[in-house]
Amino acid sequence: MSHVELNIVNDNIVDYKLHIFNNIAYYRVMGMRDSYYLKVSDYANITLKQNLIILYKETIKGFITINSYIKSIECSDILFIAAPTVENRFKMCDLEKA
């Protein structure tokens, strides 16, 4: 396996449910207390290395942005998400299936 392949998220899973808000497609993150969404366009930025990414939290007034760290593990569609502070640990999450 080359170095480039190590940084690619498993794209074999294509059955994620899409949510459209204001003509922008999102995936819903499962396994979290509140409703968080990830832009479909940002999904390509998820690698095996920890990256800063913006999640969108659904509130009564609309979406608010939440900076988060996200990474994946090899051969899995599970994501690890953590708030961008030292105290918060990564939590295993999945995207909503269709």
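Since every read-out is calculated from the coordinates, none of them should be taken as a lab result. Fair warning: this is a prediction, and the values are worked out from it, not measured in the lab. Positions of Cβ are generated from backbone atoms using ideal geometry, with glycine treated the same way; all protein chains shown enter the neighbour counts.
Consider Ile70 carefully, then state whether it is of a type in the set (A, V, I, L, M, F, W, C) and farther than 19 Å from Leu18 by Cα. Can you show your working first?
Details: of a type in the set (A, V, I, L, M, F, W, C): yes; farther than 19 Å from Leu18 by Cα: yes.
It is true that Ile70 is of a type in the set (A, V, I, L, M, F, W, C) and farther than 19 Å from Leu18 by Cα.
How many of the residues making up the stretch 62-98 are of a type in the set (Val, Ile, Thr), surrounded by 12 or more Cβ atoms within 10 Å (Cβ to Cβ) and assigned to a strand (DSSP E or B)?
At the first step, the residues of the stretch 62-98 found to be of a type in the set (Val, Ile, Thr) are 64-66, 70, 73, 78, 81, 85-86.
Keeping just the survivors that are surrounded by 12 or more Cβ atoms within 10 Å (Cβ to Cβ) gives 66, 70, 73, 78, 81.
Going one step further and asking which of them are assigned to a strand (DSSP E or B), we end up with 66, 70, 81.
Total satisfying the criteria: 3.
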